[in-house]
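**Student:** Can you read through this structure? Questions will come right after.
The values are calculated or read from the model by the stated rules, or taken from the named source; none is laboratory data. In this text, all values refer to a predicted model and were calculated from it rather than measured experimentally. Quick reminder, even Gly has a Cβ in these numbers, built from the backbone with ideal geometry, and neighbours come from all protein chains shown. The protein model used for the area step is the full one, side chains on, heavy atoms only, and it has no ligands, DNA or RNA in it. Shrake-Rupley method; radii C 1.70, N 1.55, O 1.52, S 1.80 Å.
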Amino acid sequence: MRYKEFTIEGRNAVIEAFRSGKPIDKVLIMDGAQDGPIQTIKREAKKHDTVVKFVAKERLDQISSTGMHQGVIAYAAAYEYAGVEDILEAAREKNEPPFIILLDNIEDPHNLGAIIRTANLAGAHGVIIPKDRAAGLTAAVARASAGALNYTPVARVTNLARTIEELKKEGMWFVCADMDGTVMYNLDLKGAIGLVIGGEGAGVGRLVREKCDFVASIPMKGDIDSLNASVAAGVLAYEIVRQRAL
């Protein structure tokens, strides 16, 4: 199911959006706002595991298109999120060992969209992103995915490290990308695998990296020391494709 991307402004409008079941990526609340409707919004956000950020009134004024935000602006998702189980089911339906791409600290919507596109073309069964410090499924992500978002399920989880632990119980193992790792050609990347890609600069977080079974590096011959996150995801995803085809 698709949802038109939009911002929702005003206290009652945001409360009704939550109660109607619309997927909300993030809520911005004005610093210092503490009244009854604000408390209701915070409770609804907690119930739906939605990220809440407190910002200055000036920031809300800049974002607002109506000038009547009442101290609250919510971002609704452009697409509905899948569940992790939906991704595993997609692998079962194809009778293939799961191949999942997990993203940590990917905040650029163009990178996220490009990775979803690569995931689709490489035959990955889905993408998993965290709720915090990550781009959501905005219209910009949909455009950058070149239509792949219609076919590749994206799940959003509260804790990426815990999700990895749970998927290990399903027989999966995990490799994360880092320039200090083992050259990817020297790793066995077949079977039920999760590929973990970190954002540019921050990379894969320590807790997530510690849950990974292997760390893979991409051989580089140039004068700079790293690839764009979506390009790195593509290179590693296709090494997995190559090995799975052997």
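**Student:** Listed residues Val72, Val84; which is touching a Lys or Arg at 6+ places or on another chain (Cβ under 8 Å) and of a type outside the set (Asp, Glu)? Let's see the steps before the verdict.
**Tutor:** Details: Val84 fails: touching a Lys or Arg at 6+ places or on another chain (Cβ under 8 Å).
Only one candidate passes the filter, namely Val72.
**Student:** Filter region 157-167 down to the residues that are in contact (Cβ under 8 Å) with a residue 40 or more places away in the chain and open to solvent by 70 Å² or more (accessible area, probe 1.4 Å), then identify the one that is nearest to Cys212 (Cα to Cα). Walk me through it before giving the result.
**Tutor:** Initial filter on region 157-167 (in contact (Cβ under 8 Å) with a residue 40 or more places away in the chain): 157-158, 160-161, 163-167.
Subset that is open to solvent by 70 Å² or more (accessible area, probe 1.4 Å): 158, 165-166.
Numbers: Thr158: 18, Glu165: 9, Glu166: 12 Å.
In this case the residue turns out to be Glu165.
**Student:** Of all residues in region 86-113, how many are open to solvent by 30 Å² or more (accessible area, probe 1.4 Å) and of a type in the set (A, V, I, L, M)?
**Tutor:** Final tally of qualifying residues: 0.
**Student:** Right, something else. Select from region 114-131 the residues that are part of a loop (DSSP other than H, G, I, E, B), modelled with pLDDT of 95 or more and not aliphatic (A, V, I, L, M) and list them in ascending order.
**Tutor:** The first filter runs over region 114-131 and keeps only residues part of a loop (DSSP other than H, G, I, E, B), leaving 122-125, 131.
Then drop every residue that is not modelled with pLDDT of 95 or more, which leaves 122-125.
Within region 114-131, Gly123, His125 meet the criteria.
**Student:** Turning to a different aspect of this structure: Pull up region 3-51, narrow it to residues that are open to solvent by 50 Å² or more (accessible area, probe 1.4 Å), over 22 Å from Ala142 (Cα atoms) and within 23 Å of the chain's Cα centre (by Cα), then point me to the one that is modelled with the lowest pLDDT.
**Tutor:** Asp49
**Student:** Would you check which residues across region 52-61 are open to solvent by less than 80 Å² (accessible area, probe 1.4 Å) and over 16 Å from Lys131 (Cα atoms) and list them? Let's see the steps before the verdict.
**Tutor:** Going residue by residue through region 52-61, those that are open to solvent by less than 80 Å² (accessible area, probe 1.4 Å) are 52, 55-56, 60-61.
Val55, Ala56, Leu60, Asp61, listed by residue number.
**Student:** State which residue is surrounded by the fewest Cβ atoms within 10 Å (Cβ to Cβ) when the search covers only region 62-71 and only residues that are of a type outside the set (S, T, N, Q) and under 26 Å from Leu137 (Cβ atoms). Talk me through it step by step, then tell me what you get.
**Tutor:** Just the residues of region 62-71 that are of a type outside the set (S, T, N, Q), to begin with: 63, 67-69, 71.
Now narrow it down to the ones that are under 26 Å from Leu137 (Cβ atoms): 63, 69, 71.
Values: Ile63: 13, His69: 23, Gly71: 20.
Going through the qualifying residues, I end up with Ile63.
**Student:** OK, next. Scan Ala140, Ala146, Ala134 and give me the residue that is in contact with a His (Cβ under 8 Å, 6 or more places away or on another chain) and open to solvent by 20 Å² or more (accessible area, probe 1.4 Å). Working first, answer last.
**Tutor:** Numbers: Ala146 fails: in contact with a His (Cβ under 8 Å, 6 or more places away or on another chain); Ala134 fails: in contact with a His (Cβ under 8 Å, 6 or more places away or on another chain).
Within the list Ala140, Ala146, Ala134, the selection yields Ala140.
**Student:** Then there is this: Being touching a helix residue (DSSP H, G or I) at 6+ places or on another chain (Cβ under 7 Å) and among the acidic types (Asp, Glu) is the filter; apply it to region 199-246 and report the residue that is surrounded by the fewest Cβ atoms within 10 Å (Cβ to Cβ).
**Tutor:** Result: Glu200.
**Student:** Pairs needed: first member in region 170-197, modelled with pLDDT under 95; second member anywhere, acidic (Asp, Glu) and exposed (fewer than 14 other Cβ atoms within 10 Å of the Cβ); C-beta distance under 9 Å; at least 6 residues apart or different chains.
**Tutor:** Taking only residues 6 or more apart or on different chains, the pairs are Met179/Asp225.
**Student:** Working only within region 168-198, note down all residues that are open to solvent by 30 Å² or more (accessible area, probe 1.4 Å) and hydrophobic (A, V, I, L, M, F, W, C).
**Tutor:** If the condition is that a residue be open to solvent by 30 Å² or more (accessible area, probe 1.4 Å) and hydrophobic (A, V, I, L, M, F, W, C), then Trp173, Met179, Val183 are the ones that fit.
**Student:** Is it true that Ala74 is open to solvent by less than 70 Å² (accessible area, probe 1.4 Å), among the small types (Gly, Ala, Ser), modelled with pLDDT of 90 or more and closer than 17 Å to Gly136 by Cα? Walk me through it before giving the result.
**Tutor:** Working: open to solvent by less than 70 Å² (accessible area, probe 1.4 Å): yes; among the small types (Gly, Ala, Ser): yes; modelled with pLDDT of 90 or more: yes; closer than 17 Å to Gly136 by Cα: yes.
Answer is yes for this residue.
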